[in-house]
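The values are calculated or read from the model by the stated rules, or taken from the named source; none is laboratory data. None of these values were measured; they are calculated from a predicted model. Backbone-built Cβ (ideal geometry, glycine too); neighbour counts: all protein chains shown.
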Amino acid sequence: MVGSTMVSPFGGGHEQVVFCQDEQSGLKAIVAVWSTALGPGLGGTRFYPYADEHAALADVLALSRAMAYKASLAGLDLGGGKAVIIGDPRRDKSEARLRAYGRFVESLNGRYYTACDVGTFPEDMDVIARETSYVTGRTTAHGGAGDSSVLTAFGVFQGMRASAEFIWGTPSLSGRRVGVAGVGKVGRHLVGHLIEDGADVVVTDVDPRAVDAVQAAYPSVKAVADTASLVREPLDVYAPCALGGALDDETVAALSARIVCGGANNQLAHTGTEDLLSQREIVYAPDYCVNAGGLIQVADELDGFSFERAKARAERIYATTLDVLHRAKDEGVAPSTAADRIAEQRMREVGRLRGVWLP
Ligand SMILES: NC(=O)c1ccc[n+]([C@@H]2O[C@H](COP(=O)([O-])OP(=O)(O)OC[C@H]3O[C@@H](n4cnc5c(N)ncnc54)[C@H](O)[C@@H]3O)[C@@H](O)[C@H]2O)c1
């Protein structure tokens, strides 16, 4: 690897980074395990047309680290792992390529469990499962959890209720104006919870079909042209549910909302954005704290999936978010820093127990 944009697999503290290639099927994949301090690394497989392998490596290194924090904060006995398959899922996905990938996952002998992510679906996990048992996010027909966005949205809603309790002294969102950017799988389910709670919802999406689907299901939902317009609307809560980097300086400056709480991963565009939010007295419920419901949902498959058990665990996101926000206030730090501290503390304290030798 050459060039100034090179990312070192050794630089980020990862335990293991595995490059996988099967020329016949065209498979080029990278599996990254950041930590197994709390258990096997569990994280989805992103099937994405990366510009080059450096971009793929950078993505999988960052994503696997984030999974460790998400699992730890959610109280799961899981480390942090993630995988990427380089390619266009619409063009390059084939049974042979997925099964070749499954054999590499199997070769890690349970240090890494895979699941769905951008570009992969429960049906793909069923194909991968023909070569490995270290796979979750399977279809309900195969005993899996199916679409993980159901509990992701439910968890985000819990995080939003906790943030409302923190700011307004009541968890109810009734009468609050909530802006949802991106009404795909997570955003759409979130809108359902909000409407049921009596919120006034305004949405946007680059795909007009997504907006039409939400308005067909919930006629009271208002839509605006784009995210730039949405963040300038009078809002009580802003919920980024599309892509990463949603909270850049311009967005934070434009927001009238008191709370930011959404499903998207990696919402802070750069280091320092969390301070801008604090300066504007906007409470930011950390993304990986509130969007852990999907991880909780697929992790439950390891014990034989029970939706009710997974839902009960996702409900705890309410208490975790409240804990994060109070700790941030008490310690005079941004909520994202408080969340990191709690996650790191658990990794340290519980991970250390592996050092107690069991005969
Ligand atoms: N699905 C899960 O279980 C899960 C779990 C944790 C985190 N997340 C994160 O939540 C976010 C949404 O995931 P999803 O599963 O709903 O994905 P999705 O692809 O179903 O939905 C994303 C939606 O955002 C829209 N969008 C894209 N760019 C946009 C833009 N610039 N402005 C407005 N809308 C835009 C898309 O058209 C799409 O409708 C992602 O960041 C994902 O990483 C998802």
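Annotations for the structure displayed:
- Note on the stretch 134-166: residues that are touching a strand residue (DSSP E or B) at 6+ places or on another chain (Cβ under 8 Å) and closer than 20 Å to His193 by Cα total 6.
- Filter pass, Glu301 being surrounded by 15 or more Cβ atoms within 10 Å (Cβ to Cβ) and touching a Lys or Arg at 6+ places or on another chain (Cβ under 8 Å): yes
- Test: residue in the stretch 177-188 that is in contact with an Asp or Glu (Cβ under 8 Å, 6 or more places away or on another chain) and more than 14 Å from the ligand (Cβ to nearest atom): yes
A quick yes/no check of all residues on (1) surrounded by fewer than 24 Cβ atoms within 10 Å (Cβ to Cβ); (2) at pLDDT 95 or above:
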residue	(1), (2)
Ala32	no, yes
Gly43	no, yes
Phe47	no, yes
Ala66	yes, no
Val84	no, yes
Ala100	yes, yes
Gly110	yes, yes
Ser133	yes, yes
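- Selection from the stretch 139-166 of residues that are outside any helix (DSSP H, G or I), buried (at least 21 other Cβ atoms within 10 Å of the Cβ) and within 9 Å of the ligand (Cβ to nearest atom): Ser148
- Among the residues here, Glu281 qualifies as of a type outside the set (Lys, Arg) and either within 16 Å of the ligand (Cβ to nearest atom) or assigned to a loop (DSSP other than H, G, I, E, B) (or both).
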